[in-house]
Amino acid sequence: MQQSQLIWMNGRLRKWEDAKIHVLTHALHYGTAIFEGIRCFRTEDGSAVFRLNDHISRLYDSAKIYMMDIPFSPKEIVNAVKETVEVNSLQECYVRPIAYYSYGEMGVNPLPNRVDVAIAAWEWGTYLGKDAEEKGVKCQVSSWKRVNSAILPPQAKATANYANGSLAKIEAVKAGYDEAIMLNLNNNVTEGTGENIFRLKDGILSTPPASDGALRGITRDTVIKIATDNGMTVRRNTISREELYTSDELLLTGTAAGITPIREVDGRRIGNGKWPYADKIRKEYSDVIHGRNRKYRDWLDYVVLERKVKVRA
Ligand SMILES: Cc1ncc(COP(=O)(O)O)c(C=O)c1O
């Protein structure tokens with residue numbers, strides 16, 4: 001990974017290499033951490049963090065589910081995210097706030113442990129590969145089913161959920177695919193391991209509802225708004241495995257992955273191998289995140305990159 005300089009830990013800035021935790025940290029053993037993935041983009045008016053308040057609000061929702069008392073207010077975390085980008089002088093970057101049950105007591109019950117918070121920011125290119133957005137990706141429907149609300153709540157962005165995603169990703173990558181698509185226990189589509197999914201058929205865009213196990217992705221919401229603005233019909237409805245294969249276009253959406261077309265699922269070419277709708281949505285999305293679409297300026301939180309830094313060990 002592309003290392004930067006400073007990481008925010010519980011209100012202090014530490015050097016990247018000193019941002020360490022104890023090996024007996026509760027979250028490391030029991031998956032009791034919640035996190036966000038956010039991006040900051042360059043715009044004509046300087047760098048701006050995209051939909052920061054929405055990400056932090058989802059972080060606090062995740063914390064609520066895990067009865068995690070984050071010892072900072074949402075406003076403090078919003079400011080800390082901006083500070084982390086600023087002190088690292090990053091014009092474009094990925095930001096990872098994480099809150100976790102920390103060191104103190106071992107055992108499955110996390111509640112006796114302190115909650116710690118860290119925020120790292122670094123340069124991170126397109127998650128699914130350099131050419132993914134242009135050439136599309138190859139996906140495999142995973143043999144691993146997505147976690148659901150009866151087992152592990154998918155709406156909490158908890159590290160534990162990503163063990164489920166990692167199993168699917170390992171299976172897909174080992175079989176020569178770029179990404180896995182996970183079904184729920186009813187064999188309906190949920191999402192990728194780090195992205196939401198959209199299907200285009202006969203000019204109608206659809207995406208699985210949260211009740212089928214999809215994360216309420218912030219990029220998903222952005223795409224729904226952009227597509228609606230462009231006069232498209234957008235539905236949140238159940239998508240079956242076979243409907244994946246017969247789609248005219250499929251796209252993955254996420255903060256890390258951006259808007260990435262899927263060119264193949266389980267060896268079946270999607271549509272005619274072209275994705276005009278995905279290209280249009282990606283262009284509109286690019287305009288929004290880079291501040292070229294005035295309608296969505298409120299989604300941009302500008303940062304000031306020349307801040308002086310005081311590192312406390
Ligand atoms: C499992 C999963 N689904 C969907 C998404 C996309 O969400 P967002 O657009 O908020 O990044 C992510 C990324 O956070 C994810 O990890």
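The values are calculated or read from the model by the stated rules, or taken from the named source; none is laboratory data. Computed from a prediction, not measured in an experiment: that's the story for all the values here. For neighbour counting, all protein chains shown are included, and Cβ atoms are generated from backbone atoms with ideal geometry for every residue, glycine included.
Could you tell me which numbered condition residue 238 fails, if it satisfies all but one of (1) free of Cβ contacts under 8 Å to residues at least 60 places away in the same chain; (2) in a helix (DSSP H, G or I); (3) β-branched (Val, Ile, Thr)?
With respect to (1) free of Cβ contacts under 8 Å to residues at least 60 places away in the same chain; (2) in a helix (DSSP H, G or I); (3) β-branched (Val, Ile, Thr), residue 238 is out only on (2).
In the stretch 173-190, is there at least one residue being in contact (Cβ under 8 Å) with a residue 24 or more places away in the chain, within 16 Å of the ligand (Cβ to nearest atom), part of a loop (DSSP other than H, G, I, E, B) and on the phi > 0 side of the Ramachandran plot?
no
Can you name the residue in the stretch 193-235 that is in contact (Cβ under 8 Å) with a residue 24 or more places away in the chain and among the small types (Gly, Ala, Ser) and, of all such residues, is surrounded by the fewest Cβ atoms within 10 Å (Cβ to Cβ)?
Looking at the filtered set, the residue picked out is 203.
Yes/no matrix, rows are residues, columns are (1) within 17 Å of the chain's Cα centre (by Cα); (2) of a type outside the set (Gly, Ala, Ser); (3) within 16 Å of the ligand (Cβ to nearest atom); (4) over 19 Å from residue 126 (Cβ atoms):
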position	(1), (2), (3), (4)
214	yes, no, yes, yes
230	no, yes, no, yes
246	no, yes, no, yes
252	yes, yes, yes, no
258	yes, no, yes, no
267	no, no, no, yes
278	no, no, yes, no
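Might you check whether a residue that is out of contact with any Lys or Arg (no Cβ under 8 Å at 6 or more places or on another chain), at positive phi and modelled with pLDDT of 95 or more occurs anywhere in the stretch 143-150?
No; the residues of the stretch 143-150 include none that is out of contact with any Lys or Arg (no Cβ under 8 Å at 6 or more places or on another chain), at positive phi and modelled with pLDDT of 95 or more.
If we scan the stretch 92-112, do we find a residue that is surrounded by fewer than 17 Cβ atoms within 10 Å (Cβ to Cβ), closer than 30 Å to residue 11 by Cβ and among the small types (Gly, Ala, Ser)?
Within the stretch 92-112 (the criterion being surrounded by fewer than 17 Cβ atoms within 10 Å (Cβ to Cβ), closer than 30 Å to residue 11 by Cβ and among the small types (Gly, Ala, Ser)), the answer is yes, since at least one residue qualifies.
Could you tell me whether residue 73 is surrounded by fewer than 22 Cβ atoms within 10 Å (Cβ to Cβ) and within 16 Å of the ligand (Cβ to nearest atom)?
no
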